[in-house]
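J.: Structure in structure tokens, see below.
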Amino acid sequence: MKRILIVGGGTGGTILANNLARRLRHEMDAARVSVTVLSASPRHMYQPGLLYVAFGKMAVSDLYVDQETLLDPSIHFHVDPVETFDLDHNEVKAKSGKTYGYDYLAICTGSRPTLNAVPGLMENAHHVYTEEAALKTAEALRTFEGGRVAIVTGVPHKCPMVPLELTFMMYDYFKDRELLDKVSFKYTYPIGRVHSLENVAKWAAPEFDRMGVSYETLFNAKEVDGAQRRIHSEEGSVVEYDLLIAVPPHKGMEVIEQNKLGPSGWIPTNRATLGMEGRDNVFVLGDTTNLPISKAGSTAHYEAEVLGENLARLATDGRPMRSYEGKVFCFIEAGKDRATYASFDYKNPPRPQPPTRAIHWFKLAYNRLYWNSVRGLL
Amino acid sequence: MSEAKIVDARGSFCPGPLMELIAAMRAASVGEELEVLSTDRGSAEDIPEWIKKVGHTLISSSEEAGVYRLRVRKAK
């Protein structure tokens, strides 16, 4: 029997598992193939919803579904986080002490915000990368009575549009609260333009100009002085704030670093096959890769579809046929009721169009449709 | 010419090379020279801008066979 082991029960791991279950139904029924998912949590979180929690537009209870209910019943699912990868012997050891062997391994453990990478950020900044932080941000926005809002971004980070979305959504939020005349915005970004994707930067900068949002590029936060409410940059400039919103730099998961699978927790991955460099039967998807593309749910989704087809062929003595072409699709909330999107791949850059209400409503609908998407029904 | 510490960021895409230079500069001493190798054109444009903004000194920049070499001296 061919054993496919998926480590990680987020967007990528769940879509991959269901994709395989659909493609390999007959082989799994006949016990010629097995698919096992190991996850660190019994619950699956819709992470993009955290942004909406911060603005009071989604409840925390909307963010979670039991992982088991998202998986095809033919999939073996265990809440048993992996601690040791023994790739030379095709097995992993999990927290329970149990060892899981495999013929093919997919690693999709995700990424985590590292606020401690910048001294003072953890203590003084608000962000939307955990449930607790999103709720605190909601409270900070709700009680803000005016002053200087600073947005600070570290790289790499999960969801490339979040710095822009936070800024646009805060603008509309404070406008609705009739606070705009008491609020100033300072948007900072680490490279020489307001977004890493050039065409998105070309679209966003005039929007900022129109809204009166000032911005400073080539700004890499070095330290936050909470007593003085100042952010010092590596470049020597200083931004003062009353409300500090951070998009913290991310790393891959600790277990990846501890097992020396890749620096900073990012596993070296072939951009077309999604194979781990130097390994024939190990694949990587989602945030866990070191690929120079967005760390986003849609990236994991498109990768999982390619990998599902290829792994299904490998498990049935075929050969992989498809290449991942770098496809990513990101909605961009441009305020409280308008949105646009960026769709791109390795060869074709995004070309964001003017925001519309229809795209915003489609995004809100997707926030609910996500659960069907990871089930493989969409 | 003194030996420069090499920051090999080939294969890394924007903003990777700039981020690696920032980390290396943090660890370098004033007066020390670093040479960044990058295959990313966007970073080759960003790095001189960053050096100018911070106030370090760009000693030289060149491109050969798709590899950009930027040599910088830490000024402060």
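The values are calculated or read from the model by the stated rules, or taken from the named source; none is laboratory data. Model, not experiment: these values are computed from the prediction. Here the Cβ is made from the backbone with ideal geometry for all residues, glycine too, and neighbour counts use every protein chain on show. Just the protein is used for accessible areas: all its heavy atoms, side chains included, with ligands, DNA and RNA removed. Shrake-Rupley method; radii C 1.70, N 1.55, O 1.52, S 1.80 Å.
J.: Quick check for me: using +1 on Lys/Arg Cβ and -1 on Asp/Glu Cβ, what's the dipole size of chain A about its Cα centre, in debye to the nearest 20?
T.: That gives chain A a dipole magnitude of about 760 debye.
J.: Tell me, what is a quarter of the convex hull surface for the C-alpha atoms of the range A:43-109, in nm² with one decimal?
T.: Dividing the Cα hull surface by four gives the mean projection, 6.0 nm².
J.: Where does helix A:11-23 land angle-wise versus the long Cα axis of chain A, in degrees 0 to 90, nearest 10?
T.: 30 degrees
J.: Also: Kindly state, as a whole number, the per residue volume in cubic angstrom of the convex hull around the alpha carbon atoms of the range A:244-377.
T.: With only Cα atoms used, the range A:244-377 gives 149 Å³ per residue.
J.: Continuing with this model, one more query. Which of the lysines could a cross-linker bridge to residue B:52, judged by Cα under 24 Å and excluding same-chain residues fewer than eight apart?
T.: Result set, ordered by chain and number: A:186, A:202, A:222, B:5, B:74, B:76.
J.: Oh, and also: Where both partners of a DSSP beta bridge lie in the protein assembly as shown, what percent of those bridges are antiparallel, to the nearest 5?
T.: Roughly 50 percent of the beta bridges in the protein assembly as shown run antiparallel, per DSSP.
J.: Then there is this: When the accessible area of the protein assembly as shown is split by element with a 1.4 Å probe, what percent falls to carbon and sulfur?
T.: Carbon and sulfur atoms account for 48 percent of the accessible area of the protein assembly as shown.
J.: In the range B:14-63, what residues drop by 30 Å² or more in accessible surface going from the chain by itself to the full protein assembly, probe 1.4 Å?
T.: Listed in order, they are B:14, B:15, B:19, B:22, B:26, B:46, B:49, B:50, B:53, B:54.
J.: Quick one: net charge of residue A:285's neighbours, Cβ under 11 Å, K/R +1, D/E -1?
T.: -3
J.: Follow-up. For the range A:261-331, what D do you get in µm² per second when you plug the Kirkwood radius from alpha-carbon pairs into Stokes-Einstein at 37 °C and 0.692 mPa s?
T.: The calculation lands on 266 µm²/s.
J.: To continue, here is another question. Suppose we look only past 13 Å in the calculated P(r) of the range A:147-199. What percent of the Cα-Cα pairs does that tail hold?
T.: Result: 61 percent of Cα pairs exceed 13 Å.
J.: Please report the antiparallel percentage of DSSP beta bridges with both residues in the range B:5-73, rounded to the nearest 5.
T.: 75 percent
J.: Another one. Mind giving me the nanometre distance, one decimal, between the label points for residue A:356 and residue A:225, set 7 Å out from Cα along Cα→Cβ?
T.: 4.9 nm
J.: Once you have all Cα-Cα distances for the range A:114-247, histogram them in 5 Å bins from zero and send the whole-percent values.
T.: 2, 10, 22, 25, 22, 15, 4, 0
J.: Could you state the number of Å between the C-alpha centres of the range A:210-254 and the range B:40-76?
T.: Measuring centre to centre over Cα atoms gives 23 Å.
J.: Estimate for me the total accessible surface buried between chains A and B (protein heavy atoms, probe 1.4 Å, no ligands or nucleic acids), in Å² to the nearest 100.
T.: Chains A and B together bury roughly 1100 Å² of accessible area.
J.: Please give the direction-averaged projected area of the C-alpha convex hull for the range B:5-73, in square nanometres with one decimal.
T.: The directionally averaged projection comes out at 3.9 nm².
J.: Write down the accessible area per residue of the range A:114-247 in Å², having rolled a 1.4 Å probe over the full set of protein chains.
T.: 40 Å²
J.: Next question, about the same structure. Can you send over the solvent-accessible area of residue A:98, 1.4 Å probe, protein chains only, in Å² to the nearest 10?
T.: Roughly 100 Å² of residue A:98 is accessible to a 1.4 Å probe.
J.: Another one. Are there trypsin sites (Lys or Arg not before Pro) in the range A:231-332 that DSSP marks as loop and that have at most 11 other Cβ atoms within 10 Å, and which are they?
T.: Loop-located and lightly packed - A:260.
J.: When only DSSP loop residues count, what trypsin sites (Lys or Arg not before Pro) in the range B:1-45 have their Cβ near at most 12 other Cβ atoms within 10 Å?
T.: Here no loop site has a sparse enough neighbourhood.
J.: In angstroms, what radius of gyration and Dmax does the range A:242-291 have, counting Cα atoms only?
T.: Cα-based Rg and Dmax for the range A:242-291 come out at 13.7, 52 Å.
J.: At 0.36 nm per residue, and after removing the present C-alpha to C-alpha distance, how many nm does the segment from residue A:29 to residue A:95 gain when stretched out fully?
T.: 20.9 nm
J.: Under a Cβ-only charge scheme (Lys and Arg +1, Asp and Glu -1), can you give me the dipole magnitude of the range A:1-60 about the Cα centre, in debye to the nearest 20?
T.: 100 debye
J.: Here's another thing I want to ask about it. Within the range A:44-60, list the residues whose amide N lies under 16 Å from a label point set 7 Å along Cα→Cβ of residue A:178.
T.: Counting backbone N atoms under 16 Å from the label point, the list is empty.
J.: Within the range A:69-102, name every residue whose backbone N is under 12 Å away from a label modeled 7 Å from Cα of residue A:279 along the Cβ vector.
T.: In the range A:69-102, the label zone of residue A:279 (backbone N under 12 Å from the point 7 Å along Cα→Cβ) covers A:84-93, A:102.
J.: So how many Å³ per residue does the convex hull of the Cα atoms of chain A work out to?
T.: Dividing the Cα hull volume of chain A by its residue count gives 134 Å³.
J.: Taking the range A:248-305, which GluC sites (Glu not before Pro) meet the DSSP loop condition and have no more than 15 other C-beta atoms within 10 Å?
T.: Of the GluC sites (Glu not before Pro), the ones in loops of the range A:248-305 whose Cβ has at most 15 other Cβ atoms within 10 Å are A:277.
J.: Would you jot down the residues in the range A:268-296 that end up with at least 30 Å² less accessible area in the complete protein assembly than in the chain alone, with a 1.4 Å probe?
T.: A:292
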